[in-house]
Amino acid sequence: MRKIYVIGIGAGDPDHLTVSAVKALQRVDVFFLLDKGGERAGPVDLRHEILRRHTGGHVHRLVEIPDPERDRSTDGAGYPGAVDAWRGRRAALIERAIAGELDGDGGPDGARTGAFLVWGDPSLYDSTLAVLEEVLARGRVRFEYEVIPGISSVSALAARHRVGLTRVGRPVQITTGRRLAEGWPDGVDDVVVMLDAQQAYLRHLDTDPVIHWGAYVGTEDEILVSGRLSEVAERIGELRAAARARKGWIMDTYLLRRE
């Protein structure tokens, strides 16, 4: 039986890997790396650095899988369908890679164990688990898989700003910029926002919450800003635009806290 590890590799610092993750890395025959293209070279380079530091000399192979483009022109009711279609294309590529590179009997080079290195934590805002379930549901390739949790960008952000995500007796909600743009979630005053390409926080200047913002958290390019939204929103926008122009991509997360 083929074995797949889905390993959370943290928010950017190779030292943030758990001991369980390091041990798993040293049992893997084939690492599958999803390549998003030149503008996302940074995350791929980080994965190579993690393997260099933490595989302990264990012999392994790297297989790069070109990640299919997702249709980002759809919005509203069409958005879930676009995501499902993209996951289907990704599942087909991953299915082919697992079948071709791993074999239940060991294959030509004895490769039975594969792994996907997931940015942050595999259980938070990542599609790898859903895609692997789709591959299994197709029934063409069999494997078992194990999830190794990692440090998410959410926990790393809170740690770097030295704040707790919750306050006594009050909930916190994790959402996307797309949903925040539709309005502040009901029943919560603390909102963590991920995947915000449109800077949806600007729609909430009237309530003037505190914002704890971070980009490339855990990496040498880390940028942190904290303060009243009305006072720091312009600075965040400028830093964000400059960083995106410099690197070609940006990964940022923030906590909005309403008094």
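The values are calculated or read from the model by the stated rules, or taken from the named source; none is laboratory data. Predicted model only: the values in this text are computed from it and were never measured. Neighbour counts run over all protein chains shown; Cβ positions are idealised from the backbone, glycine included.
Scanning region 201-222 for residues that are loosely packed, with under 15 Cβ neighbours inside 10 Å and β-branched (Val, Ile, Thr) returns a single hit, Thr207. When Ala130, Ala200, Ala181, Ala233 are checked against the criterion of being touching a Ser or Thr at 6+ places or on another chain (Cβ under 9 Å), touching a residue at least 12 places away in the same chain (Cβ under 8 Å) and of a type in the set (Gly, Ala, Ser), Ala200 stands alone in meeting it. Select from region 177-197 the residues that are closer than 23 Å to Gly12 by Cβ, of a type outside the set (A, V, I, L, M, F, W, C) and out of contact with any strand residue (DSSP E or B) (no Cβ under 6 Å at 6 or more places or on another chain) and list them in ascending order. Answer for region 177-197, where residues must be closer than 23 Å to Gly12 by Cβ, of a type outside the set (A, V, I, L, M, F, W, C) and out of contact with any strand residue (DSSP E or B) (no Cβ under 6 Å at 6 or more places or on another chain): just Asp196. Residue count for region 236-259 satisfying the condition of being touching a residue at least 40 places away in the same chain (Cβ under 8 Å), in a helix (DSSP H, G or I) and more than 19 Å from Val44 (Cβ to Cβ): 1. One residue is enough: does region 141-156 have a residue meeting the conditions at pLDDT 95 or above, farther than 25 Å from Phe116 by Cα and not aromatic (Phe, Trp, Tyr)? No, every residue in region 141-156 fails to be at pLDDT 95 or above, farther than 25 Å from Phe116 by Cα and not aromatic (Phe, Trp, Tyr). Taken as a whole, the condition of being over 26 Å from Ile4 (Cα atoms) and modelled with pLDDT under 95 applies to Val168. Restricting attention to region 190-218 and to residues that are within 23 Å of Gly248 (Cα to Cα) and in a loop (DSSP other than H, G, I, E, B), the residue that is modelled with the lowest pLDDT turns out to be Leu195. Being out of contact with any Cys (no Cβ under 7 Å at 6 or more places or on another chain), within 30 Å of His204 (Cα to Cα), among the hydrophobic types (A, V, I, L, M, F, W, C) and in the same structural domain as Asp15 (by TED's automatic domain parsing) is a condition met by at least one residue of region 112-129. Candidates in region 59-104 are the residues that are aliphatic (A, V, I, L, M) and loosely packed, with under 14 Cβ neighbours inside 10 Å; of these, the one that is modelled with the highest pLDDT is Leu62.
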